[in-house]
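The values are calculated or read from the model by the stated rules, or taken from the named source; none is laboratory data. All values reported here derive from a predicted model rather than from experimental measurement. For neighbour counting, all protein chains shown are included, and Cβ atoms are generated from backbone atoms with ideal geometry for every residue, glycine included. All accessible areas refer to the heavy atoms of the entire protein, side chains included, with ligands and DNA or RNA removed. Shrake-Rupley method; radii C 1.70, N 1.55, O 1.52, S 1.80 Å.
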Amino acid sequence: MSITKDEEIIKRGYRPNPKIYIPDSNIIKTVNKLEELEFVQTDYGVSRMKLRDSLYDAKQFLDYYYNLHNVPYLFFKKIGNINFHTIINRHPYKLPIIPTISDETIFDGATIEEITHGKKPKVIFRGIELNKVVTECSSATYVHELTHTQVDSIKGSIRNYYNAEILSIFNELFHYMILGGDERLLRLTDSRRVCELNLIFEDLINFRNGTSSMTRDELLEDSKYAVSILKAYNLFITFYYSNEKIKNEILDDIQCVFDGYLTLEEMLKKYEVTLESSKDEKKLLKYFNR
């Protein structure tokens, strides 16, 4: 039986009943300025590669900077005509890779999760979807989804639903930053995120104006990505321009969030990452126009 986004939010341990995010005129103007920059109009192009090589790149990155913990995996086994299932702990690298076909974007990926029933529901995992068309970008998509396994499996590590994508987007950007060394792929994903923000803002403005036909579930999803993208870039820009000491401190704090010793919100407060500070036009233009 399917559940609403509000019901899912409660089961995952986020604060209930979030309000739909409405972007203000200043951030709308700033993102419009970003979309006019040359890097958004550039055709970067990507190369195809083998899946095993893409997975290897992602694992090398994650193993160097983090220690990933096991996650609950829903394991199915058929004995005769009967399907048995049980929940076992498994390293996220051992979650099945499920290839999907999508013509929408080369960045497609998803963590296949379920929420158990009962008084203390928890998130369990069935696999990770990756686009069947494997490119240079696939390893960052895999990094994004593996990051979800670390925070989604620890209830309470994130308190605000709208922050749920921040660390996945941050690690995706960080991976692109060091992949290849020339920032071509980082520029590509920067362009993608700016365009994505503009499209999301259109949806949310239509809701504000009373002209939207979108459901509350769809609007909550849009709100989550709008807030997460803005805050993820705020954190990443701080990381990007910091010295090695601060960079290592940020990565150590992310590890603490993974391990359940620190909430994401506590970490964001430490680095002064708020929704308001994430709208700083000067900071955004400096990074995107670098």
| request: Springs between alpha-carbon atoms under 10 Å, Gaussian network over the chain: tell me which of GLU265, GLU35, GLU183 tops the mean-square fluctuations. | output: GLU183
| request: Give LYS5/LYS231; LYS77/LYS119; LYS19/LYS119; LYS50/LYS269; LYS132/LYS224; LYS50/LYS77 a once-over and call out the pairs whose C-alpha atoms are over 32 Å from each other. | output: LYS50/LYS269
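Expressed as a whole percentage, what fraction of the accessible surface of the chain belongs to carbon and sulfur atoms when a 1.4 Å probe is rolled over the protein heavy atoms? Before the final figure, lay out the partial values.
Working: 7390 of 14790 Å².
Carbon and sulfur together cover 50 percent of it.
Quick check on segment 112-211: take the gyration tensor over C-alpha atoms, sort the square-rooted eigenvalues as a ≥ b ≥ c, and tell me if it's rounded (a/c under 1.5), prolate or oblate. Show your work: numbers first, answer last.
On the way: a/c = 2.05, a/b = 1.16, b/c = 1.78.
Because a/c hits 1.5 or more and a/b fails to exceed b/c, segment 112-211 counts as oblate.
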| Tell me, what is the per residue accessible area of the chain in Å², probe radius 1.4 Å? | 51 Å²
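Given Cβ point charges of +1 (Lys, Arg) and -1 (Asp, Glu) and nothing else, what value in debye, to the nearest 20, does the dipole of the chain about its Cα centre take? Before the final figure, lay out each step's value.
On the way: 39 positive and 43 negative charges, 187 e Å.
Taking the Cα centre of the chain as origin, the dipole is about 900 debye.
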| note | Subtracting the Cα-Cα distance of ARG15 and ASN67 from 0.36 nm times their residue separation yields 15.9 nm
| said: Students often get this wrong: which residues of segment 37-74 have the backbone nitrogen under 18 Å from the point 7 angstrom along Cα-to-C-beta of ILE97? | reply: 47-64
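Run lengths n ≥ 4 of DSSP H only: what is the helix-derived mean residue ellipticity at 222 nm for the chain, with -39500 (n - 2.57) per run over all residues, to the nearest 500? Before the final figure, lay out the partial values.
Working: 11 runs with 146 residues, N = 290.
So the helix-based figure for the chain works out to -16000 deg cm²/dmol.
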| request: May I ask you to order 43-52, 57-66, 19-28 by the average number of other C-beta atoms within 10 Å around their residues, highest value first? | output: 57-66, 19-28, 43-52
| remark: Scoring the chain by relative contact order with C-alpha pairs under 8 Å, at least six apart, yields a percentage of 23 percent
| request: Please work out which option in [x] 58, 43, 35; [y] 62, 44, 40; [z] 104, 34, 33 gives Cα extents along the principal axes in Å calculated from these coordinates, and answer with its label. | output: [y]
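Which of the pairs LYS11/LYS122; LYS122/LYS155; LYS122/LYS270; LYS247/LYS270; LYS247/LYS282; LYS33/LYS247 have their Cα atoms more than 18 Å apart in this structure?
LYS122/LYS270; LYS247/LYS282; LYS33/LYS247
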| query | Which stretch or stretches of segment 1-28 have amide N atoms under 12 Å from the point lying 7 Å from MET214's Cα along the Cα→Cβ direction? | reply | 20-23
